[in-house]
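Student: Structure incoming, see below.
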Number of protein chains: 2
Amino acid sequence: MTQPSSPSAALIGVGVGPGDPELLTVRAVRVIRGADRVLAPSSAVDAVGRAESIVRQACPGVRVERLVFDMGEASGSVDAAADSVVEGIDAGQRLAFVTLGDPNVYSTFSSVAARVRERRPGTVVETVPGIMAFQELASRSDTVVLQNTERLALVTALEGTSALEGALDDPSQAVVVYKGGRHLPEMAKCLAAAGRLDGAVMGELLGLPGERVVPVADAAEGPAAYLATVIVPPCGRQVGERSELDLSEPEGSRPRAGDAVRGPEVLGVGDEVPRPQAGR
Amino acid sequence: MTQPSSPSAALIGVGVGPGDPELLTVRAVRVIRGADRVLAPSSAVDAVGRAESIVRQACPGVRVERLVFDMGEASGSVDAAADSVVEGIDAGQRLAFVTLGDPNVYSTFSSVAARVRERRPGTVVETVPGIMAFQELASRSDTVVLQNTERLALVTALEGTSALEGALDDPSQAVVVYKGGRHLPEMAKCLAAAGRLDGAVMGELLGLPGERVVPVADAAEGPAAYLATVIVPPCGRQVGERSELDLSEPEGSRPRAGDAVRGPEVLGVGDEVPRPQAGR
């Protein structure tokens, strides 16, 4: 049961983004195409999950195996998924486990990887980052999430709005809410009470048929999808707020002595820059 | 000065990720290759910035124009960049403005886009999401950032550790710190004082020559690069914590009446799942 795995054996969690197959990274496409097996979570053996659907479009011809996760038997489902992975690892396979969004942010992958490592401690486990739903929602809704030194709180609302309410206590921070579709009407009430409804946007089924990207104020009449995403921009963004330009280390053209590892000094910033608001 | 722009004219902020050219999305590559002009921020006309370097590798043959941002004259630099963009918009061009990470998260792009919209209110402005540095750091350092209903605080430390200290007040939330390279030693002290040094990781120059991914405890002796990233995982992750599997809406195979827009009901979750911790 504990035979050493092949040097090439690996479990790779691959983020496939929120829905649009064009949001896969080049690295994700390469890893999926190079894998011996591609595994995707599914709610039933005959149900094409969202991650599988993305792979089918982004990497035509790649066969995807379904790992069934029964939400009423989560622990057993993770065990069964780990069984399938361990079988492949023992056979020396490179396994790509595809997952919505990013594999290190709210992903089933981390549970499966942990279970596999318990059984085969030497297993090589890697991840490939993926675009997260809030990033695509920001793009689709023309929402600047963060500027300068603004802060972000990323919370969930699966069981209610308490984490959201806590995050709203600070009006200067942006808030992103995941998994709150069921509680969208209550979320809208919280936002209204905090004076934060203006500018707040909701997206569901991003990149899929039936996609909806709307102001939260226009979607408060009922529940949205389980994986709905909400962005609440900071309020009180100041015109003339100090701007931190994101210039990065010039490479090669202006070497500085001793800078190979640490890069150049912090770049100073100067004049004030109005906030982006035109046309929003 | 206010001539109507061509219907094809557009300014598109394209996130190119933190450094590895393989982290561009398929959409980003398409938009860059299809643009009439590709613009990249730079600190000098003869300095190849990080975003330009990424594009040179990911899209060989594409010519990149530098927009010089003088950190001592930020507002004037944004004006000059907007001048260049407006000239292209007036000529009916599709302009890709490439930016590290994501164009809606701490990006110069939003300042430039706002200035362009002030001058040409009808300008079509779009963005293409990009992988953020903390996602690549999580991948490289094998760090699960968020599980279940954990929360994330994303803060900056350009001017000191006060935002970090505030975020550490809640031991159950993960913290990501951007732009804190200069203050890394003080950050390490804060983390140690809060009992959060264990598991905290730092990455700089991700995907570039001289990349460093290390525990914060091993990097506390001096400043890191301006764009260094730190991840502080939540403490007190419980074995047996309730798990939310990220199963998504099955598509096509199991249609439900009236579900085209809102998707299926929230999926229930059941048994407890141990946290991923083996081998970390």
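The values are calculated or read from the model by the stated rules, or taken from the named source; none is laboratory data. These figures come from a predicted structure and were not determined experimentally. Reconstructed Cβ throughout: ideal geometry from the backbone, glycine too, with neighbour counts over all protein chains shown. Accessible surface areas use protein heavy atoms only, side chains included; no ligands, DNA or RNA. Shrake-Rupley method; radii C 1.70, N 1.55, O 1.52, S 1.80 Å.
Student: Go through the stretch A:47-99 and report how many residues are of a type outside the set (A, V, I, L, M) and part of a helix (DSSP H, G or I).
Tutor: 16
Student: Looking at (1) under 19 Å from the mean Cα position of the chain (by Cα); (2) within 9 Å of chain B (Cβ to nearest Cβ); (3) open to solvent by less than 20 Å² (accessible area, probe 1.4 Å); (4) under 30 Å from A:ARG56 (Cβ atoms), which is the only condition A:LEU158 fails?
Tutor: All conditions are met except number (3).
Student: Determine which member of the set B:ALA188, B:ALA224, B:ALA174, B:ALA220 is part of a loop (DSSP other than H, G, I, E, B), more than 8 Å from chain A (Cβ to nearest Cβ) and of a type outside the set (Asp, Glu).
Tutor: Every option except B:ALA220 fails the conditions.
Student: Contact list please: Cβ distance under 9 Å, first residue in the stretch A:157-171 and on the phi < 0 side of the Ramachandran plot and among the β-branched types (Val, Ile, Thr), second residue in a loop (DSSP other than H, G, I, E, B) and open to solvent by 20 Å² or more (accessible area, probe 1.4 Å), pairs at least six apart or on different chains.
Tutor: As it stands, the answer is none, since no pair meets every condition given.
Student: Quick check on the stretch B:69-77. Is at least one of its residues in contact (Cβ under 8 Å) with a residue 24 or more places away in the chain, open to solvent by less than 30 Å² (accessible area, probe 1.4 Å), of a type in the set (S, T, N, Q) and within 23 Å of A:THR143 (Cα to Cα)?
Tutor: Within the stretch B:69-77, not a single residue is in contact (Cβ under 8 Å) with a residue 24 or more places away in the chain, open to solvent by less than 30 Å² (accessible area, probe 1.4 Å), of a type in the set (S, T, N, Q) and within 23 Å of A:THR143 (Cα to Cα).
Student: If you don't mind, another one. Considering only residues of the stretch A:51-68 that are open to solvent by less than 20 Å² (accessible area, probe 1.4 Å) and more than 23 Å from A:ALA114 (Cβ to Cβ), which is nearest to the other protein chains (Cβ to nearest Cβ)?
Tutor: Ranking the candidates gives A:SER53 first.
Student: Go through the stretch B:88-138 and give me each residue that's on the phi > 0 side of the Ramachandran plot, of a type in the set (Gly, Ala, Ser) and crowded, with 22+ Cβ neighbours inside 10 Å.
Tutor: Hit for the stretch B:88-138 is B:GLY101, nothing else.
Student: Considering only the stretch A:183-231, how many residues are open to solvent by less than 10 Å² (accessible area, probe 1.4 Å) and in contact with a His (Cβ under 8 Å, 6 or more places away or on another chain)?
Tutor: Looking only at that region, the number is 0.
Student: Is it true that some residue in the stretch A:145-152 is at the interface with chain B (Cβ under 9 Å from one of its Cβ atoms), outside any strand (DSSP E or B), surrounded by fewer than 20 Cβ atoms within 10 Å (Cβ to Cβ) and among the acidic types (Asp, Glu)?
Tutor: Checked against the condition, which is being at the interface with chain B (Cβ under 9 Å from one of its Cβ atoms), outside any strand (DSSP E or B), surrounded by fewer than 20 Cβ atoms within 10 Å (Cβ to Cβ) and among the acidic types (Asp, Glu), the stretch A:145-152 yields no hits at all.
Student: Out of everything in the stretch A:163-182 that is more than 16 Å from B:LEU152 (Cβ to Cβ) and open to solvent by 10 Å² or more (accessible area, probe 1.4 Å), what residue ends up being modelled with the highest pLDDT?
Tutor: A:GLU165
Student: Filtering the stretch B:101-119 down to residues that are touching a residue at least 12 places away in the same chain (Cβ under 8 Å) and of a type in the set (A, V, I, L, M), which residue is farthest from B:VAL26 (Cα to Cα)?
Tutor: For the stretch B:101-119, the residue satisfying everything is B:VAL116.
Student: If a residue must be within 8 Å of chain A (Cβ to nearest Cβ) and among the aliphatic types (A, V, I, L, M), how many such residues does the stretch B:86-103 contain?
Tutor: Selection size over the stretch B:86-103: 1.
Student: Report the residue count in the stretch A:120-134 for those that are in contact (Cβ under 8 Å) with a residue 60 or more places away in the chain and not in a strand (DSSP E or B).
Tutor: Applying the first criterion (in contact (Cβ under 8 Å) with a residue 60 or more places away in the chain) to the stretch A:120-134 yields A:120, A:122-134.
From the residues that got through so far, the ones that are not in a strand (DSSP E or B) too are A:120, A:122-124, A:129-134.
Selection size over the stretch A:120-134: 10.
Student: Could you tell me how many of the residues in the stretch B:28-50 are over 21 Å from the mean Cα position of the chain (by Cα) and within 12 Å of chain A (Cβ to nearest Cβ)?
Tutor: 4
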